[in-house]
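These notes are about the structure you will find just below.
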Amino acid sequence: MGKPRIGIFKYSCCAGCQFQLIYFIRHVAEILGAIDLVYGKMETESDAEDGPFDLALIEGAITEAEQADQLKRVRRNSKYLVAFGSCATNGGIPAMKNIQPELQIETRVYQDISRIHSVKTHPIYEYVKVDAQVRGCPAGERDLYELVISLLLDRKPNMVEHCVCVECKMKGNPCLLLTENLPCMGPVTNAGCGALCPSNGRACYSCWGPMSNANSMALAQKFEDMGLPPDEIIRRFSLFGFPTYEFHMVAGEEAARSSGGVFGR
Ligand code: SF4
Ligand code: SF4
Ligand code: SF4
């Protein structure tokens, strides 16, 4: 096969993952020669938005209908489509707004909402088939390497699919949850960051989003037993990944009970 043709698309997010990607590409210079960057508003002047692509990298969450329309076109024009960073994989920070009614959020942010067409935040898997996920906020280097290598070898990427506690224990860290009573989200958070926060004495706040099938209710119960008030528990499960099944079962249920939502108080 010739050089893989890559397209990069950005939806609602801070663009930090693309900066991470630019940094990554610059520091792995040989990759530049191995791929053909066909489209990417921050990286090229090309307007070849319709590809076709061997790989479409999607950054950001969907918060407008027209974003969803374009995403579906990208899917049709791409052999592989990969969610890139927490916003795309699980809704990330933009999904914090889902905890309140959309109108309430819009009027809080904008004086004139007549030209605002936003909808609730959705991870991209709610609209298109996703072939792989590079998790992280910003996207993690280990999974980025794995993705690029897999693309060049035309094999399925082997992404990390266990919780942060595994990496934390492999580093020999004392458990902050058990020994210091800190509300660590490691047991329900997908690994890949190398247990960065617990290795520096700080509880994980789940910036990589939930591990698939995480038992969030059990951790929420543990937090409650530790004396965390409901608002604090909701906050931990809604910072990243609020739309996902794993975190919504805690934060969504609790938030629905509180009038106006915790962030509006
Ligand atoms: S995942 Fe984090 S760094 Fe990446 S675009 Fe979203 S907010 Fe920015
Ligand atoms: S400190 Fe956190 S990540 Fe580490 S083992 Fe304990 S709960 Fe898991
Ligand atoms: S330990 Fe948790 S909060 Fe810290 S970088 Fe890793 S996933 Fe993010």
Given the structure, is Gly92 within 25 Å of Leu37 (Cα to Cα) and either at pLDDT below 95 or touching a helix residue (DSSP H, G or I) at 6+ places or on another chain (Cβ under 6 Å) (or both)?
no
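Yes/no matrix, rows are residues, columns are (1) crowded, with 22+ Cβ neighbours inside 10 Å; (2) out of contact with any helix residue (DSSP H, G or I) (no Cβ under 7 Å at 6 or more places or on another chain); (3) modelled with pLDDT of 95 or more:
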position: Cys175; (1), (2), (3): no, yes, yes
position: Leu182; (1), (2), (3): no, no, yes
position: Met185; (1), (2), (3): yes, no, yes
position: Ala195; (1), (2), (3): yes, no, yes
position: Asn200; (1), (2), (3): no, yes, yes
position: Ala203; (1), (2), (3): no, no, yes
position: Ser212; (1), (2), (3): no, yes, no
position: Ala220; (1), (2), (3): yes, no, no
position: Glu232; (1), (2), (3): no, yes, no
Of the numbered conditions (1) under 19 Å from Phe247 (Cα atoms); (2) part of a helix (DSSP H, G or I); (3) in contact with a strand residue (DSSP E or B) (Cβ under 9 Å, 6 or more places away or on another chain), Ile233 satisfies every one except a single condition; which is it?
(3)
Which one of Cys204, Cys184, Cys163 is in contact with a Leu (Cβ under 6 Å, 6 or more places away or on another chain) and near ligand 2 (Cβ under 8 Å from one of its atoms)?
Cys184
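The values are calculated or read from the model by the stated rules, or taken from the named source; none is laboratory data. No experiment lies behind these values; they were computed from the predicted model shown. Note that each Cβ is placed from the backbone with ideal geometry, even for glycine, and that neighbours are counted across all protein chains shown.
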